[in-house]
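For reference, the structure I am asking about is given below.
The values are calculated or read from the model by the stated rules, or taken from the named source; none is laboratory data. On a predicted model such as this, the values are computed, not experimentally measured, just so you know. Note: ideal-geometry Cβ built from the backbone for every residue, glycine included; neighbour counts use all protein chains shown.
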Amino acid sequence: MLQRRTLYALKALLTLAQARETLCSVSHIAQRQQLPAPMLEQVLLQLRRAGLVAARRGRAGGYGLAQRANSICLAQVAAAVGERLQQAKPSPDREDNATDQVLAMLERRLQRSLAKTLRETTLEELFLDLRSWQAILEDDNALML
């Protein structure tokens, strides 16, 4: 449901959240998240313009979060990279096609739900979910040994 650019932005931000105070290069993020570096650079530039990441040039440079993870909502991230939640198509004018009316209504409800979730979810919440999944996967791998 989210555009690729938004997913790339979220992956980059999660990498930066994990790094905490350490700056990360584009190549580090791209390799860690298996993303194409040229597209990632564009996404990071958009995130920087939106004030979500900070960049430092030079040998020890890289990217870091410009705000605390608990103050960044996912709707800000989506907006920063140009995500436009597709508006549900207007209901057909034909009153005799109840199926189209019902499906158009469903699409509108789904879009409202997605927009609400993006507004209410912070990067910190996503980061905590990531840490939980990492712990689960590590436990599963330990059990296999």
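Kindly provide the set of residues from segment 15-43 that are in contact with a strand residue (DSSP E or B) (Cβ under 9 Å, 6 or more places away or on another chain) and more than 23 Å from E125 (Cβ to Cβ), ordered by number.
If the condition is that a residue be in contact with a strand residue (DSSP E or B) (Cβ under 9 Å, 6 or more places away or on another chain) and more than 23 Å from E125 (Cβ to Cβ), then L23, S25, V26, H28 are the ones that fit.
Go through segment 1-111 and tell me which helices (runs of 4 or more DSSP H), entirely inside it, have 1 or more residues that are at pLDDT 95 or above, within 12 Å of the chain's Cα centre (by Cα) and not hydrophobic (A, V, I, L, M, F, W, C).
Working: elements: 4-19, 26-33, 37-49, 74-80.
Correct list: 4-19, 74-80.
Another question, then. What residue, of A37, A12, is small (G, A, S) and free of Cβ contacts under 8 Å to residues at least 40 places away in the same chain?
A37 is the lone residue from the list that is small (G, A, S) and free of Cβ contacts under 8 Å to residues at least 40 places away in the same chain.
Between a first residue in segment 56-67 that is within 11 Å of R20 (Cα to Cα) and in contact (Cβ under 8 Å) with a residue 40 or more places away in the chain and a second residue that is among the hydrophobic types (A, V, I, L, M, F, W, C) and part of a loop (DSSP other than H, G, I, E, B), which pairs have beta carbons less than 6 Å apart while being 6 or more apart in sequence or on different chains?
Qualifying pairs under 6 Å: G64/L23.
A further question follows. I'm checking my understanding of the structure. Among residues of segment 116-144 that are aliphatic (A, V, I, L, M) and at pLDDT below 95, which one is nearest to A66 (Cα to Cα)? Break it down stepwise before answering.
Let us first name the residues in segment 116-144 that are aliphatic (A, V, I, L, M), namely 118, 123, 126, 128, 130, 135-137, 142-144.
When the remaining residues are screened for being at pLDDT below 95, the result is 135-137, 142-144.
Numbers: A135: 27, I136: 29, L137: 30, A142: 36, L143: 39, M144: 40 Å.
Once the filter is applied, the top-ranked residue is A135.
To continue, here is another question. Kindly indicate whether G51 is over 16 Å from L123 (Cβ atoms) and touching a residue at least 12 places away in the same chain (Cβ under 8 Å). Quick ask: steps written out before the conclusion?
On the way: over 16 Å from L123 (Cβ atoms): no; touching a residue at least 12 places away in the same chain (Cβ under 8 Å): yes.
No; evaluated as a whole, the condition is false for this residue.
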